[in-house]
Amino acid sequence: MSGIHVTTKINGDEVQFVCEADESLLDVLRNRLGLTGAKEGCGTGDCGACSVTVDGRLTCSCLVLGAEVDGHDIGTIEGMAMGDELHPLQKKFIEHAALQCGICTPGFLVAAKALLDHNPEPTETEIRFGLAGNLCRCTGYDKIVRAVQAAAEEMNSAKKIQQKVA
Amino acid sequence: MAETAEGVIGKDVARIDGARKVTGAASYGSDFALPDQTYAFLVTSTIARGRIRHIDETAARRVPGVIGIYTHRDIAGKVKAGKLMADGGYLGTSIQPLTSPDILHDGQIVAVVIGESFESAREGAYRLDVAYERQPASASFDDASVETVAASEASKTHEDPKVGDAETAFQQAALRIDVSYSTPTQHHNPIELFTTLCHWSDGKLTVWESSQNVWGYKYGLAEQLGIDPNDIRVLSPFIGGAFGSRGSLTPRTAIIAEIARQLGRPVKLVPTRDQGFTIATYRAETRHHVKLGATPDGKLVSLSHEAWEVTSRPDNYMVSGTKATTRLYQCPNIYSKVSITHADRNTPGFMRSPPELPYLFALESAMDELAVATGIDPIELRRINDTQVEPIKGLPYTSRSLMACFDAGAKAFGWHERNPKPGAMRDGDWLVGWGCASTMYPTAVAPAAAKVRLMPDGKAIVQTAAHDIGTGAYTVIGQVAAERLGLPLANIEVQIGDSDLPPAPVAGGSNTTASVCNVVAKACDRLRQQLFQQSNAASATDISGMPLDAVLNDLPKDGIEAYAENLPHGTTQEGIGKLYHGHSMLAGGSELKDRIQFAFGAEFVELRIHRLTKEIRCSRLIGAFACGRIVNPRTARSQLMGGLIWGLSSALHEETEIDQASARYYNDDLAEYLIPVNADVREVEVIFVPEEDKAINDLGIKGLGELGNVGTNAAVANAVYHATGFRIRDLPIRLEDLLAVES
């Protein structure tokens, strides 16, 4: 097996790996790099459990080949908290019970963060449709929307305070 | 969040495993990795009935990285078929693939290809050439070659509840409802795939697999592999959704374990989503014939519920929901009969509220039809037929708050504003429909065991082989231990999901909270007793409120430990022996000699149906539930909300479709097997109706994990009728069913 050498950034750190041409980014993350926060729920882009960002864009990592991310920035659930300090979305998911079994949770969080990065003040409908690519079978719908709303509110008010101080 | 010990049971606290789940640190079956592990990829049959004629491995073996191909030639004689749980075994099916060349259902495992990587195994599997001798296969009820038998003939223990003379009373009744309903095949589709990782070391097997029954898996695998159960450990710390699909052992696990044994290396299986439709279990399709006879003022005089369920050729799997539907309303004349139809399918299995979901759809739809026929409000009709005495044997319910649930739900919903005339409520282009239905779920409790260890630093470890399938078991167990020991919740470490721990029952029948919390409370009480007996404080007569601080210093370095077993009402000492052999002796529901144990609720649905496109949208979903003591309102609310959405999904979305000619599923992926997304679900409200049930168990807990999704499908169908005047009796209800609605 020949192997393709890939240089990428994952959660801000430079990472190099060798993979085969037929390996998905999801399998590289899980099987080669030990980053198992992204889950496989379908392998066909239907469930969103494997969500990551590629250059800030929400992506199903099961639909991208590992070899394709050479030179790109990857964001995964493992990079969302700052050390022990959880991201506001992570805190609000816990507080609002927006998770049950937890298997879809990393994907939802990555998708919610990508949504808020692009649209910091989404309407409820925008959140519902923004997260429509993620399935929760338990099912935490509604609570997930409330958690994202609460996180957006907290992040926006924190931003406003920062702006005032500046 | 610092929690004080006092009143931790019943407190609205966040789940204690939350941080691990939001950071990706929680590890599920396939997240575990072992040095030198190999990857398995399944090859499944493309026919539903017949025989493997020939397997050509040449092309598959040429794929770089493929290191093994296992078929019936390698596995037959090494892995035994197991018995169904209902027959005293541990499995969900008696069909054990790879023990012969015979094919008994679509998607049966015919080979396992092992590779150095997932990709090489998959490539090898794609290149494996399997030739079949195909025989005609029957898909479901309407196929000529199926065999239908009465459940009472198929199973010695089956009973069809009956009282009085239902047929004569029906013929003489002033008002008669005589209707048929059906529910479709459904698949659990937990988001976590049906993965398995097996590793042998010094003759001992370790299995990482999401399981609702780790002790059952241990004993089942021992039987199938012919080894000592004490040489098997099943680990399942986090479970990515289960809904019944991981309650009984499926045939893949023993196969993967056997391959790992032959190969001498760990084997990890990650099957595909479509393979999950045929290598695990499912909810079989059902048919119902309901006859209700009533007086003009709505009093039931006759209730008859006849039902048919599909199962596999060899297994007598059945859910028999008439146990519930004959016990929902007072009625002097009741008839019921269940039959099963053997088709060329894999064996069905438990799926969230296995009996109640399909059976209450029929009864609660029929009650709505009776409400229309009598002109009585659907809630009032239920009040007229409410009872505190179970109608079949005349036994008392330990508690029953059905009408209190209807009253609380109706108030929150604004039911009094409902115009009963179909199609009378509109909102612009949308026809508005309001429907309601009762829900009920048996409270069953099983023997369980637990250990608690208190350390000198004031921290405690609780150990029991229970399972957290997303319900919040970690958290409620921690809460009970915190309160009973008198420690902050943050000081409690809960260890579950490991068959090396003291046994707990299967996480099925919504029994975990009641079964496990009661035994954990017992172990904690025992530990305190030991503690204060050892210390100088022994002279105190009441130790329940004494703080631990004074005695912690006297503890040995490794702390002290207490162990407890619990035998709930209706179980015998034999239950502990069974528990230690991987069997759960669930007692409750309608199975007790002296009383009846159920939780009840009322569900309300508001639908909007577009007058032109017939698009169906659920704008409001409210459930009011009375289920004894609520240990944690936050996780309980999540369970009930999730249940309501499951119910909505069973009414409007889910159906596994079968090609009648080939007896194969054809929408076996998450693109075409419809389940709701956030955009499909709007306002969901859960109301807890206070209910104290001191009789049911020491802590007064009823199960609620499966209560929420029962009845919702009927409430939806009843709302469809209210919006359109169309009574849809076959689920799921799709817009094509409403094309004839006049706009």
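The values are calculated or read from the model by the stated rules, or taken from the named source; none is laboratory data. In this text, all values refer to a predicted model and were calculated from it rather than measured experimentally. In this analysis, Cβ positions are derived from the backbone assuming ideal geometry, glycine residues included, and neighbour counts consider all displayed protein chains. Quick note on the areas: whole protein, heavy atoms, side chains included, nothing else; ligands and nucleic acids left out. Shrake-Rupley method; radii C 1.70, N 1.55, O 1.52, S 1.80 Å.
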Just to be sure I understand the filter: pairs with C-beta atoms under 6 Å, separated by 6 or more residues or on different chains, first member in the stretch B:656-679 and within 14 Å of chain A (Cβ to nearest Cβ) and modelled with pLDDT of 95 or more, second member outside any loop (DSSP other than H, G, I, E, B) and open to solvent by 60 Å² or more (accessible area, probe 1.4 Å). Which pairs pass? B:668/B:274; B:669/B:274
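Can you tell me which residues in the stretch B:688-699 are within 22 Å of the chain's Cα centre (by Cα) and open to solvent by 10 Å² or more (accessible area, probe 1.4 Å)? Steps first, answer last, please.
Just the residues of the stretch B:688-699 that are within 22 Å of the chain's Cα centre (by Cα), to begin with: B:688, B:696-697.
Those that are within 22 Å of the chain's Cα centre (by Cα) and open to solvent by 10 Å² or more (accessible area, probe 1.4 Å): B:688, B:697.
Return yes when residue B:345 is at pLDDT 95 or above and either among the polar types (S, T, N, Q) or under 24 Å from residue B:602 (Cα atoms) (or both) and no when it is not.
When the stated conditions are applied, residue B:345 does not pass them.
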With the condition kept exactly as written, say whether any residue in the stretch B:71-88 is within 14 Å of another protein chain (Cβ to nearest Cβ) and either open to solvent by 10 Å² or more (accessible area, probe 1.4 Å) or under 30 Å from residue B:140 (Cα atoms) (or both). no
Suppose we keep only residues that are closer than 23 Å to residue B:677 by Cα and in contact (Cβ under 8 Å) with a residue 40 or more places away in the chain within the stretch A:24-44. Which one would you say is nearest to the other protein chains (Cβ to nearest Cβ)? A:37
Does any residue in the stretch B:383-405 that is touching a residue at least 12 places away in the same chain (Cβ under 8 Å) come within less than 7 Å, Cβ to Cβ, of a residue that is small (Gly, Ala, Ser) and assigned to a loop (DSSP other than H, G, I, E, B) six or more places away or on a different chain, and which pairs are these? B:384/B:298; B:398/B:695
By residue number, the members of the stretch B:24-56 that are at the interface with chain A (Cβ under 9 Å from one of its Cβ atoms) and more than 15 Å from residue B:269 (Cα to Cα) are B:24, B:25, B:26, B:27
Could you go through the stretch B:701-720 and let me know if any residue there is surrounded by fewer than 21 Cβ atoms within 10 Å (Cβ to Cβ) and touching a residue at least 12 places away in the same chain (Cβ under 8 Å). no
Selection from the stretch B:370-396 of residues touching a helix residue (DSSP H, G or I) at 6+ places or on another chain (Cβ under 8 Å) and buried (at least 20 other Cβ atoms within 10 Å of the Cβ) yields B:370, B:371, B:374, B:378, B:379, B:381, B:382
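Is it the case, given these coordinates, that residue B:133 is part of a helix (DSSP H, G or I) and surrounded by fewer than 21 Cβ atoms within 10 Å (Cβ to Cβ)?
Values: part of a helix (DSSP H, G or I): no; surrounded by fewer than 21 Cβ atoms within 10 Å (Cβ to Cβ): yes.
Taking the combined requirement at face value, the residue does not satisfy it.
Would it be correct to say that residue B:603 is open to solvent by 10 Å² or more (accessible area, probe 1.4 Å) and either modelled with pLDDT of 95 or more or under 22 Å from the mean Cα position of the chain (by Cα) (or both)?
No, not satisfied.
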Would it be correct to say that residue B:645 is more than 30 Å from residue B:522 (Cα to Cα), within 14 Å of another protein chain (Cβ to nearest Cβ), open to solvent by less than 10 Å² (accessible area, probe 1.4 Å) and not polar (S, T, N, Q)? yes
Answer from A:7, A:36 - the residue that is open to solvent by 10 Å² or more (accessible area, probe 1.4 Å), closer than 30 Å to residue B:668 by Cβ and not in a helix (DSSP H, G or I): A:36
Return the total of residues in the stretch B:566-586 being surrounded by fewer than 22 Cβ atoms within 10 Å (Cβ to Cβ) and among the small types (Gly, Ala, Ser). 2
In contact with a helix residue (DSSP H, G or I) (Cβ under 7 Å, 6 or more places away or on another chain), at pLDDT 95 or above, open to solvent by less than 10 Å² (accessible area, probe 1.4 Å) and farther than 23 Å from residue B:286 by Cα: which single residue out of B:128, B:193, B:175 fits that description? B:193
When residues of the stretch B:438-473 are limited to those that are within 14 Å of chain A (Cβ to nearest Cβ) and open to solvent by 10 Å² or more (accessible area, probe 1.4 Å), the one nearest to residue B:28 (Cα to Cα): B:469
Under 6 Å by Cβ, and 6 or more places apart or on different chains, what pairs join a residue from the stretch B:48-59 that is over 14 Å from residue B:111 (Cα atoms) with one that is part of a strand (DSSP E or B) and open to solvent by 60 Å² or more (accessible area, probe 1.4 Å)? B:48/B:664; B:50/B:133; B:50/B:134
